[in-house]
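**Q** Starting off with a structure, shown below.
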Amino acid sequence: MMTMIFRPPLSISSVQRLYNKPISPLTHIASSTFRATFTTSQTVKDQTHWRKKINLNTNYSNMAAPGHRTRRGSSTERTYGLGKNNSLSLDAHYIDRPDVKASYIDTHCHLFTTLQMMQKKLSDSTIPKNRVDLLVKKLFPPNVKAVVDIHCDLPMDDYHKLMQLSTEWPEDFAYYFAAGAHPHTAPLYSDQIHQKFIEIMSDPRCVAWGECGLDYFKNPPGTFPTQREVFTRQILAAVSLNKPVVIHTREADDDTKEILDKYMPRDHTFHVHCFTSSTEFGKWVLATFANSYIGITGVISYNLPHVAEFIRSGGLPLERMLMETDSPFMIPKNIYPWMKTRSSNDRRKRFEISHSGMIPFTAELVAGMINEGREAAGDDRRTNVEEVLDITRKNAEKVYQISTI
């Protein structure tokens, strides 16, 4: 059982001793106004492990988005990293699905990272740096009515200010964003960064705080206490500002549950993004928090039978679901059979980035899972991609208080 203790912040010298490396005031993780330490039987052991394992030379910039990628060297990563000689061109990344009529919203993407990855992997500089409006214009079909772009890297990039350079959005398209600190970046969190996020929340295009949360999959155990502190601090700030929270949780169900149970008001709105957690955790979230929603990405096309069953069984109803890409990651695997309908020159090539135009492929999988569950239960009702997209768009409008019609 974890308890929360409020205590004076560590001095910079104390943090230096912990890291065994000089730390500047900017990267001092302690707060002069808030310090939360979760104490468990593992804490001392974790901190000892951290001293041995953490790499302070890690560049935390652009670490946020890959939070749900597969382990390095896994079959999935090898499959989708085939190199530019087998890559589709930028033009071929456009998704043309005239059979899909419904409009939709991508509730979680990383547009700047998507543009950067496209430029790197395709060696394509036709779209100028940071001009994500031109990327959207190039790749998104007209069905994509809005996105929530996630700004969660540290050190911070003023992407929300760079948006002033973006003036060529498609017609009837709306750009929104969320800002927060990804758990990968928790060791870099500071008072200055916290205050900066508070200031950003006043931007009318900023619709949420996040993504923030816990990631025990990619980070050494010694970072876990700091992750919990930073996550809790961000929840408290978001609640005080009445901002929805975008939550990242991976292999941290128990601690995420405890923090939500203690610090998230039962009626506050939040979005558990790119759901890969246990069915038990998902059911608890939906039952405990009336305004909680769960995001589904192309990751459901991978080997995640428990998530498929969560949808198939009706445990995750459409009315509590959001569609997202987590672009440039999570390319839905079922896009490749569809590729057979395209030019023969493209059929054996691979996408290097995902983007919002791929959401219908995820929606098709969701519709299929729901129909399988209904058939097994003797329910004659059937859904389809149009209904999935329509309902989840309305959910997104409700969660983020946006309008696309």
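**Q** Got a sec? Which of 117, 163 is outside any loop (DSSP other than H, G, I, E, B) and more than 18 Å from residue 354 (Cβ to Cβ)?
**A** Of 117, 163, the one residue that is outside any loop (DSSP other than H, G, I, E, B) and more than 18 Å from residue 354 (Cβ to Cβ) is 163.
**Q** Shifting gears a bit: For the range 85-95: of the residues being open to solvent by 60 Å² or more (accessible area, probe 1.4 Å) and part of a loop (DSSP other than H, G, I, E, B), which is nearest to residue 395 (Cα to Cα)? Talk me through it step by step, then tell me what you get.
**A** Going residue by residue through the range 85-95, those that are open to solvent by 60 Å² or more (accessible area, probe 1.4 Å) are 85, 89, 91, 94.
Still in the running and part of a loop (DSSP other than H, G, I, E, B): 89, 94.
Numbers: 89: 34, 94: 26 Å.
Here the residue is 94.
So that you can scan it fast, the table gives a plain yes or no per residue for (1) of a type in the set (Val, Ile, Thr); (2) within 17 Å of the chain's Cα centre (by Cα):
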{"position": "175", "(1), (2)": "no, yes"}
{"position": "194", "(1), (2)": "no, no"}
{"position": "198", "(1), (2)": "yes, no"}
{"position": "210", "(1), (2)": "no, yes"}
{"position": "222", "(1), (2)": "no, no"}
{"position": "248", "(1), (2)": "no, yes"}
{"position": "260", "(1), (2)": "no, no"}
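**Q** Has the range 264-279 got any residue that is farther than 23 Å from residue 322 by Cβ and either more than 19 Å from the chain's Cα centre (by Cα) or in contact (Cβ under 8 Å) with a residue 60 or more places away in the chain (or both)?
**A** Within the range 264-279, not a single residue is farther than 23 Å from residue 322 by Cβ and either more than 19 Å from the chain's Cα centre (by Cα) or in contact (Cβ under 8 Å) with a residue 60 or more places away in the chain (or both).
**Q** Tally up the residues in the range 237-261 that are more than 25 Å from residue 192 (Cα to Cα), of a type in the set (Lys, Arg) and touching a strand residue (DSSP E or B) at 6+ places or on another chain (Cβ under 7 Å), please.
**A** Total meeting the criteria: 1.
**Q** Assess whether residue 211 counts as being open to solvent by less than 30 Å² (accessible area, probe 1.4 Å), of a type in the set (Asp, Glu) and closer than 20 Å to residue 400 by Cβ.
**A** Yes, satisfied.
**Q** Scan the range 126-144 and report the pairs whose first residue is over 14 Å from residue 359 (Cβ atoms) and whose second residue is charged (D, E, K, R) and open to solvent by less than 10 Å² (accessible area, probe 1.4 Å), with Cβ atoms within less than 9 Å and a gap of 6+ or a chain change.
**A** Close Cβ pairs (under 9 Å, with a partner that is charged (D, E, K, R) and open to solvent by less than 10 Å² (accessible area, probe 1.4 Å)) amount to 132/149.
**Q** Return the pairs, sorted by first residue and then second, in which the second residue is among the hydroxyl-bearing types (Ser, Thr, Tyr) and not in a helix (DSSP H, G or I), the first residue lies in the range 217-232 and is closer than 14 Å to residue 251 by Cα, the beta carbons are less than 7 Å apart, and the residues are 6+ apart or on different chains.
**A** 224/216
**Q** Right, another one. What is the number of the single condition among (1) in a loop (DSSP other than H, G, I, E, B); (2) at pLDDT 95 or above that residue 225 does not meet?
**A** Of (1) in a loop (DSSP other than H, G, I, E, B); (2) at pLDDT 95 or above, only one is false for residue 225: (1).
**Q** Take residue 285 and decide whether it is modelled with pLDDT of 95 or more, crowded, with 19+ Cβ neighbours inside 10 Å and either in contact with a Phe, Trp or Tyr (Cβ under 6 Å, 6 or more places away or on another chain) or within 18 Å of residue 359 (Cα to Cα) (or both).
**A** no
**Q** In this structure, is residue 333 under 22 Å from residue 275 (Cβ atoms), among the basic types (Lys, Arg) and in contact (Cβ under 8 Å) with a residue 24 or more places away in the chain? Even if it seems obvious, please write down each step before you answer.
**A** Numbers: under 22 Å from residue 275 (Cβ atoms): yes; among the basic types (Lys, Arg): yes; in contact (Cβ under 8 Å) with a residue 24 or more places away in the chain: yes.
Considered against the rule, which asks whether it is under 22 Å from residue 275 (Cβ atoms), among the basic types (Lys, Arg) and in contact (Cβ under 8 Å) with a residue 24 or more places away in the chain, residue 333 comes out as yes.
**Q** List the pairs whose first member sits in the range 238-252 and is part of a strand (DSSP E or B), whose second member is modelled with pLDDT of 95 or more and among the hydroxyl-bearing types (Ser, Thr, Tyr), and whose Cβ atoms are under 7 Å apart, counting only residues at least 6 apart or on separate chains?
**A** Short answer, once both residue conditions are applied: 249/256; 249/277; 250/216; 250/276.
**Q** Further, regarding this structure: Just to verify a result, which residue in the range 262-280, among those that are out of contact with any strand residue (DSSP E or B) (no Cβ under 8 Å at 6 or more places or on another chain) and not small (Gly, Ala, Ser), is least open to solvent (accessible area, probe 1.4 Å)?
**A** Looking at residues that are out of contact with any strand residue (DSSP E or B) (no Cβ under 8 Å at 6 or more places or on another chain) and not small (Gly, Ala, Ser), I get 279.
**Q** Look at residue 259 and say whether it is part of a helix (DSSP H, G or I), crowded, with 22+ Cβ neighbours inside 10 Å and modelled with pLDDT of 95 or more.
**A** So residue 259 passes the test.
**Q** Restricting attention to the range 176-208, which residues are open to solvent by less than 10 Å² (accessible area, probe 1.4 Å) and assigned to a strand (DSSP E or B)?
**A** If the condition is that a residue be open to solvent by less than 10 Å² (accessible area, probe 1.4 Å) and assigned to a strand (DSSP E or B), then 177, 178, 179, 206, 208 are the ones that fit.
**Q** Follow-up question, since we're still on this one. Give the range 96-112 a look and list any residue that's closer than 18 Å to residue 297 by Cβ and either in contact with a Phe, Trp or Tyr (Cβ under 6 Å, 6 or more places away or on another chain) or surrounded by 23 or more Cβ atoms within 10 Å (Cβ to Cβ) (or both), or say none.
**A** 104, 105, 106, 107, 108, 109, 110, 111
The values are calculated or read from the model by the stated rules, or taken from the named source; none is laboratory data. None of these values were measured; they are calculated from a predicted model. Don't worry about glycine lacking a Cβ; one is built from the backbone with ideal geometry, like all the others, and counts go over all protein chains shown. Surface areas here come from the heavy atoms of the whole protein model, side chains and all, with no ligands, DNA or RNA. Shrake-Rupley method; radii C 1.70, N 1.55, O 1.52, S 1.80 Å.
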